[in-house]
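To keep things clear, I will list the structure first and then write my remarks on it.
The values are calculated or read from the model by the stated rules, or taken from the named source; none is laboratory data. Source: prediction; values computed, not measured. A quick note on method: Cβ atoms are made from the backbone with ideal geometry, for glycine too, and the neighbour counts reach across all protein chains shown.
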Amino acid sequence: MRVLLTGGSGFIAAHCVDYLLQGGHSVVFTVRSHDKGRKILSNHPKASEDQLSYVIVEDIANESAFDEAVKSNPPFEAVLHTASPFHFNVKDPKKDLLDPAIIGTTGILKAIQRNAPSVKRVVITSSFAAIVNAKKHPETYDEASWNPITMDEALHTDPGSAYRGSKTFAEKAAWEFVEKEKPNFTVSTINPPLVLGPVVHYFNSLDSINTSNENVRDFVQGKFKDGLPPTRVILWVDVRDLALAHVRAIERPEAAGKRFFVTAGFFNNAKVADIIKKNFPDLKSKLPQNYEEDPKEYPYKIDNSRSKEVLGLQYRSLEDSITDLVKSLQAAGA
Ligand code: NDP
């Protein structure tokens with residue numbers, strides 16, 4: 001298939017490129033600058049221009065951002081929309097997080113409908129942020145669970161709420177678009193919690209590493225040597241399993257029209273510290289020495305069976321993910 005991948009410079013998108021190419025697909029990714037585009041191409045010296053190229057999309061918060069990018073010759077058959085801001089450096093929640101997430105999602109769907117009639121499959125990276133109900137966890141989270149956050153809470157609480165709102169309202173807008181417009185393509189959403197794993201994407205320095213890997217970078221740099229920090233997000237998935245989920249969702253017809261809660265399960269910072277200690281003895285002095293045992297109970301259950309049954313996912317272990325992440329951070333200078 002010929003695939004348009006948005007947010008090509010991102011942590012997750014970089015792994016999507018790998019799995020798309022491995023699957024024999026040809027990929028056009030979007031980036032905000034030629035500098036980023038060229039650097040990403042240089043990571044794939046064996047890919048021909050037909051197999052991998054890029055197009056500039058500067059700001060997905062612009063309603064018409066994707067109008068030209070969705071046009072291609074040969075035409076696109078599928079779109080993976082991963083681009084969306086994931087950070088908490090928020091001055092203006094609407095401008096910094098909500099607009100790019102929501103307008104980015106509706107903008108690409110409208111652009112496909114208007115300008116890319118050959119597209120049959122659209123896969124959108126949503127999030128566990130669109131599933132979780134932090135005020136009252138259900139007994140079990142699955143694809144039927146929705147974050148009940150209001151726009152007022154997203155705009156006026158804190159940066160975490162603004163991010164969770166951005167993902168919730170963007171995903172809702174996608175499903176509403178499908179329901180109202182009945183487009184010529186199907187939509188699937190992929191809803192991961194914290195994503196960990198090797199960093200292979202474009203980034204300037206370890207200081208600007210993507211948000212979900214900051215915690216493990218901080219372990220490696222000795223920031224927690226005086227004490228283990230609390231675990232904020234307690235569910236995780238490896239980035240390679242997540243990238244494969246995106247690619248399978250465009251390949252498998254039975255994935256159409258579905259949400260996928262893609263998670264390997266629970267984790268915590270004690271487990272992360274144990275894994276780093278065991279696999280990287282040289283880093284022992286940078287890690288906390290004494291910390292509490294793992295919690296034996298978590299506040300809810302999870303059901304990830306749809307991701308296994310429909311997408312055929314077999315989740316990697318936390319040990320594989322953390323070990324490969326630390327190796328990649330060391331290769332980047334940590
Ligand atoms: P990254 O920050 O590495 O990637 C985000 C991508 O979105 C980058 O390519 C970035 O471009 C692009 N982007 C952000 N804002 C804009 C904008 N206004 N205009 C154009 N491009 C923009 O994060 P991840 O790879 O982790 O995240 C990718 C997706 O996965 C997001 O949708 C995120 O919400 C979702 N997700 C991530 C999780 C995680 O733990 N990592 C968990 C759940 C969901 P640039 O580099 O130029 O800024």
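Residue by residue through region 64-97, note down the ones that are of a type in the set (Val, Ile, Thr) and out of contact with any Cys (no Cβ under 8 Å at 6 or more places or on another chain).
We begin by selecting, within region 64-97, every residue of a type in the set (Val, Ile, Thr); these are 70, 79, 82, 90.
Answer for region 64-97, where residues must be of a type in the set (Val, Ile, Thr) and out of contact with any Cys (no Cβ under 8 Å at 6 or more places or on another chain): Val70, Val79, Val90.
Taking the conditions (1) at pLDDT below 95; (2) assigned to a helix (DSSP H, G or I); (3) basic (Lys, Arg) in turn, Arg248 satisfies each one other than (1). Checked against the criterion of being among the hydrophobic types (A, V, I, L, M, F, W, C), in contact with a strand residue (DSSP E or B) (Cβ under 6 Å, 6 or more places away or on another chain) and near the ligand (Cβ under 9 Å from one of its atoms), the candidates Val28, Val57 yield just one match: Val57.
Could you tell me whether any residue of region 262-269 is touching a Ser or Thr at 6+ places or on another chain (Cβ under 6 Å) and without any contact (Cβ under 8 Å) to a residue 40 or more places away in the chain?
yes
When Ala144 is tested against (1) more than 27 Å from Asn213 (Cβ to Cβ); (2) within 14 Å of the ligand (Cβ to nearest atom), just one condition goes unmet, and that condition is (2).
Being among the hydroxyl-bearing types (Ser, Thr, Tyr) and touching a strand residue (DSSP E or B) at 6+ places or on another chain (Cβ under 8 Å) is the filter; apply it to region 159-192 and report the residue that is farthest from the ligand (Cβ to nearest atom).
Applying the filter and picking the extreme gives Thr186.
Would you confirm whether any residue within region 66-75 is more than 9 Å from the ligand (Cβ to nearest atom), in a loop (DSSP other than H, G, I, E, B) and of a type in the set (A, V, I, L, M)? Yes, some residue in region 66-75 is more than 9 Å from the ligand (Cβ to nearest atom), in a loop (DSSP other than H, G, I, E, B) and of a type in the set (A, V, I, L, M).
The residues of region 2-43 that are under 20 Å from Ile108 (Cβ atoms) and surrounded by fewer than 17 Cβ atoms within 10 Å (Cβ to Cβ), listed by number, are Arg32, Ser33.
So that you can scan it fast, the table gives a plain yes or no per residue for (1) farther than 27 Å from Gly227 by Cβ; (2) surrounded by fewer than 18 Cβ atoms within 10 Å (Cβ to Cβ); (3) not polar (S, T, N, Q):
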{"position": "Ser285", "(1), (2), (3)": "no, yes, no"}
{"position": "Pro288", "(1), (2), (3)": "no, yes, yes"}
{"position": "Tyr298", "(1), (2), (3)": "no, yes, yes"}
{"position": "Ser307", "(1), (2), (3)": "yes, no, no"}
{"position": "Tyr315", "(1), (2), (3)": "yes, no, yes"}
{"position": "Leu318", "(1), (2), (3)": "no, no, yes"}
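Right, Val195: closer than 22 Å to Ser84 by Cβ, at pLDDT 95 or above and within 11 Å of the ligand (Cβ to nearest atom) or not? Answer is yes for this residue. Filtered by the rule that a residue be in a strand (DSSP E or B) and β-branched (Val, Ile, Thr), region 194-245 gives Val195, Val237.
Looking for whichever is buried (at least 23 other Cβ atoms within 10 Å of the Cβ) and either within 16 Å of the ligand (Cβ to nearest atom) or of a type outside the set (A, V, I, L, M, F, W, C) (or both) here; the options are Val233, Val247. Which one fits?
The match here is Val247.
Would you be able to say whether some residue in region 137-146 is under 26 Å from Arg248 (Cβ atoms) and surrounded by 18 or more Cβ atoms within 10 Å (Cβ to Cβ)? Yes, the conditions are met somewhere in region 137-146.
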